[in-house]
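Since the structure comes first, as structure tokens, the remarks are kept for the end.
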Amino acid sequence: MINKKVNTVSEALAGISDGQTIMLGGFGLCGIPENSIAELVRMDVRNLTCISNNAGVDDFGLGLLLQKRQIKKMISSYVGENAEFERQMLSGELEVELTPQGTLAEKCRAAQAGIPAFFTPAGYGTEVAEGKESREFNGKMHILEHAYQADFSIVKAWKGDEAGNLIFKGTARNFNAPMAGAGKITIAEVEELLPAGSLDPNEIHIPGILVQRIFKGAKFEKRIEQRTVRKK
């Protein structure tokens, strides 16, 4: 069995360079590859196109890359609570492609499955459909969406083994699952890394065939974007 384990985050991210397209899993701050994002900041790679549901917050997640102007284009479903993302978008400093959330997920999944394009009714009759082919199916109009093409896909999982098999925990599965295997090279950052064969096959969400590199992350902050607690 092929051992996909690498020892450090810098080894995992080897080959990422200026101008590349990178998918990053997570939803808000939930399930984001914290260590990998910090390493991208340290590497100072620039002119990146980042595909992610949103861009974290100002001082965490992809917001750290935005602060250093390392991202040229963001492909996401909404701005979220990142004021810097909003400022750069409105000022024209950052190129932004907003995509319906379900379409974004399906464009990732299509890339994962090797499907080049698909038709969806989402966005027909809106700005989303401008310049895209449209066809009628069963009396309803659809637009053609193409699968994403990414150089790297970086995902975060709860558990993984040295063969690259992954298990996500709760809602942290989110965009990590469809992004795994959707890039030319998939890098998995995990909280717990076990020997191959240690995971129950019935619990595995992503098979190792979709992962090229896997490493154990450290010091996960797991920040909560909006903490809501019950009143006493």
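The values are calculated or read from the model by the stated rules, or taken from the named source; none is laboratory data. Note that the coordinates shown come from a computational prediction; the quantities given were computed from them, not determined experimentally. Cβ sites come from the backbone with ideal geometry, for glycine too, and all protein chains shown count toward neighbours. These area figures cover heavy atoms from the full protein model, side chains too; ligands, DNA and RNA do not enter into them. Shrake-Rupley method; radii C 1.70, N 1.55, O 1.52, S 1.80 Å.
Here are some notes:
- Using only Cα coordinates, the Kirkwood hydrodynamic radius of region 1-122 works out to 15.2 Å.
- Gyration tensor verdict on region 1-40 (Cα atoms; rounded if a/c is under 1.5, prolate if a/b is larger than b/c, oblate otherwise): oblate
- Relative contact order (%) - criterion: Cα under 8 Å, at least six apart; region: region 138-232: 32
- Normalised contact order of region 52-164, rounded percent, pairs of Cα under 8 Å and 6 or more residues apart: 19
- Taking the chain as a Gaussian network of alpha-carbon nodes connected by springs under 10 Å, the highest mean-square fluctuation of the residues 130, 93, 145 belongs to 130.
- Cα-based equivalent ellipsoid, the chain: semi-axes from gyration tensor eigenvalues, Å: 28, 22, 18
- Share of carbon and sulfur in the accessible area of region 102-232 stands at 49%, probe radius 1.4 Å.
- Prolate/oblate/rounded label for region 75-162 (Cα gyration tensor, a/c 1.5): oblate
- Cα centroids of region 106-124 and region 141-211: 18 Å apart.
- Residue with peak Gaussian network fluctuation, the chain [Cα springs, cutoff 10 Å], from 104, 144, 66: 144
- Accessible solvent surface per residue of the chain, calculated while the other protein chains remain in place, 1.4 angstrom probe, Å²: 50
- Based on DSSP H segments of at least four residues, each scored -39500 (n - 2.57), the chain has a per-residue ellipticity at 222 nm of -5000 deg cm²/dmol.
- Applied to region 156-171, the Karplus parametrisation 6.51 cos²θ - 1.76 cosθ + 1.60 on θ = phi - 60° returns per-residue 3J(HN,Hα) values of 10, 10, 6, 10, x, 10, 5, 8, x, 5, 10, 10, 9, 10, x, 6 Hz, with x for Gly and Pro.
- Note on the chain: GNM, Cα springs under 10 Å; of 171, 49, 103, the largest mean-square fluctuation is that of 171.
- Taking the chain and dividing mean pair separation by its residue count, relative contact order in percent (alpha carbons under 8 Å, at least six apart): 24
- Net charge in the neighbourhood of residue 166 (other residues with Cβ under 14 Å of its Cβ; Lys, Arg +1, Asp, Glu -1) is +1.
- Cα-based shape type of region 101-232, given that a ≥ b ≥ c are square roots of the gyration tensor eigenvalues and the cut on a/c is 1.5: oblate
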